Amino acid sequence: MDVNFTKKQEEFRSEVREFLTSVIPIKLADKIEHNKPLSKEDMQNWHNILNKKGWLASSWPQKYDGTGWGVVEQFIFEDELAAANAPRIVPFGLRMLAPVLMKFGTKDQCDYWLPRILNGSDWWCQGYSEPGAGSDLASLKTSAIKDGDHYIVNGQKTWTTLAQHANMIFNLVRTSNEGKPQQGISFLMIDMSSPGIEVRPIKTIDGGHEINEVWFTNVRVPIENLVGEENKGWTYAKYLLSHERNNIATVGISKKKLQKLKDIAKIEKRNGRPLIKDPLFAARLAKLEVNLLNMETTNLRVLSEAEKGGEPGAESSMLKIIGSEICQELDHLQRRAAGRYGRIFRPEALEDGFNGEEIGPFFAHTASSTYFNNRKVSIYGGSNEIQKNIITKMIVRL
């Protein structure tokens, strides 16, 4: 179901495929294949492998030691990462903060922070959502009050992904209460080892630990850690979110999951014949494949516009909505394919060293945990309901 690529682009795909096949650790690929959680060491090791090749910063320009690839090459790279059961690149530093620094940061900030993102000196997390400011992000209350050559930060962030591993966090903070809520927000980079920061784990519905609360109590942050202008952080936040929503589409991962689901449906049986021959299941599978192909084409179009200098618009929100719906439908159909065994929820089966008895089909013990975990994808990055409002405002002008 690939779109048409040129001969040169297909040669590039072959190069990427050959490299990935030769370097992905077998144990790491097995974890991805069976939806097992990755350790910080797993993720760092994979980053180091890609960085050694010069392919970690696949979306960065060459002047910042990126690949300088065009959008089609980046798309192919992501496609092949998923097909090879390679881990996703952790996006916070590489694909969220870095574009903001390149566009709005100072030369000194780029010269200092970008190399540290590449070589793994810094592990970043994202401080956006708060208990009273999720999709309504402009309602955030975490404050930053200037005190000489520092800001004093107080407040709370929540749903902070992988904060337990991070040594740095980029934060939206309130530096003014005048005017509209959006006008008093600033973008601040904060060292997680600073006195006054506390990270508290949040257990997800599948029993995992990937999100956290982060508390700030009189945390001192140097003024030079401000990105761009004070009170202009809303502009930078929207720019970052447009990149995040493009990444949420995860076309390559969904294509890989779709192929796996087809393979499962050829093996599992209903009423004595393969599940893929069941009219209802086959119809849902076909609809899913059509939607995924449409999303792939739209994603390439958005990336092409970005390469020409345009900024992602309403299409980013569209990709976020459709991408999350496809992801959740894939999980739902996998549980249906497992039949009654899809009800089984054994998170311990995902841990290293598990040697318990297999119950039901080979994929059944991960079907429920994956389904539960991915209920989040229609919420993070701005809930799908909020994305529909954004689309309406940007296209219909209401």
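Below is a table of values for the structure above.
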{"read-out": "Search result, residues across the stretch 91-126 that are in contact with a Ser or Thr (Cβ under 9 Å, 6 or more places away or on another chain) and within 28 Å of HIS34 (Cα to Cα)", "value": "PHE92, LEU94, ARG95, CYS125, GLN126"}
{"read-out": "Flag if ILE185 is surrounded by fewer than 17 Cβ atoms within 10 Å (Cβ to Cβ), more than 17 Å from the chain's Cα centre (by Cα) and not small (Gly, Ala, Ser)", "value": "no"}
{"read-out": "Residues that are in contact with a Lys or Arg (Cβ under 8 Å, 6 or more places away or on another chain) and either of a type in the set (A, V, I, L, M) or outside the structural domain of GLU230 (by TED's automatic domain parsing) (or both), drawn from the stretch 139-152", "value": "LEU140, ALA144, ILE152"}
{"read-out": "Test: residue in the stretch 23-33 that is assigned to a helix (DSSP H, G or I), surrounded by fewer than 18 Cβ atoms within 10 Å (Cβ to Cβ) and among the small types (Gly, Ala, Ser)", "value": "yes"}
{"read-out": "Selection from the stretch 133-156 of residues that are in contact with a Pro (Cβ under 8 Å, 6 or more places away or on another chain) and under 10 Å from THR217 (Cα atoms)", "value": "GLN156"}
{"read-out": "Matching residues, the stretch 34-54, being in a loop (DSSP other than H, G, I, E, B) and either more than 14 Å from ARG88 (Cβ to Cβ) or among the acidic types (Asp, Glu) (or both)", "value": "HIS34, SER39, GLY54"}
{"read-out": "The one condition in (1) of a type outside the set (Gly, Ala, Ser); (2) modelled with pLDDT under 95; (3) surrounded by 18 or more Cβ atoms within 10 Å (Cβ to Cβ); (4) over 23 Å from LYS256 (Cβ atoms) that LEU101 fails to fulfil", "value": "(2)"}
{"read-out": "Residue check for GLU224: part of a strand (DSSP E or B) and not hydrophobic (A, V, I, L, M, F, W, C)", "value": "no"}
{"read-out": "Exclusive hit being touching a Leu at 6+ places or on another chain (Cβ under 9 Å), outside the structural domain of ARG375 (by TED's automatic domain parsing) and either surrounded by 16 or more Cβ atoms within 10 Å (Cβ to Cβ) or of a type outside the set (Phe, Trp, Tyr) (or both), set GLU230, GLU210, GLU198, GLU178", "value": "GLU210"}
{"read-out": "Conditions (1) of a type in the set (D, E, K, R); (2) within 30 Å of LYS27 (Cα to Cα); (3) at pLDDT 95 or above: number failed by LYS63", "value": "(2)"}
{"read-out": "Flag for ILE395 being surrounded by fewer than 17 Cβ atoms within 10 Å (Cβ to Cβ), under 18 Å from the mean Cα position of the chain (by Cα) and modelled with pLDDT of 70 or more", "value": "no"}
{"read-out": "ASP79 being surrounded by 18 or more Cβ atoms within 10 Å (Cβ to Cβ) and under 19 Å from GLU15 (Cα atoms)", "value": "yes"}
{"read-out": "Pairs with Cβ under 6 Å, 6+ apart, first in the stretch 185-210 and at positive phi, second modelled with pLDDT of 95 or more and not aliphatic (A, V, I, L, M)", "value": "GLY196/THR217; GLY196/ASN218"}
{"read-out": "Selection count where residues are basic (Lys, Arg) and touching a Gly at 6+ places or on another chain (Cβ under 7 Å), scope the stretch 151-183", "value": "2"}
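Quick grid of which residues meet (1) of a type in the set (S, T, N, Q); (2) touching a residue at least 12 places away in the same chain (Cβ under 8 Å); (3) in contact with a helix residue (DSSP H, G or I) (Cβ under 8 Å, 6 or more places away or on another chain):
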site: VAL72; (1), (2), (3): no, yes, yes
site: ASP79; (1), (2), (3): no, yes, yes
site: PHE92; (1), (2), (3): no, yes, no
site: ARG116; (1), (2), (3): no, no, no
site: TRP124; (1), (2), (3): no, yes, yes
site: ALA133; (1), (2), (3): no, no, yes
site: ALA138; (1), (2), (3): no, yes, yes
site: LYS146; (1), (2), (3): no, yes, yes
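The values are calculated or read from the model by the stated rules, or taken from the named source; none is laboratory data. Bear in mind that the values here come from a model prediction, so they are computed numbers and not experimental data. No Cβ is skipped: glycine too gets one built from the backbone with ideal geometry, and neighbour counts run over all protein chains shown.
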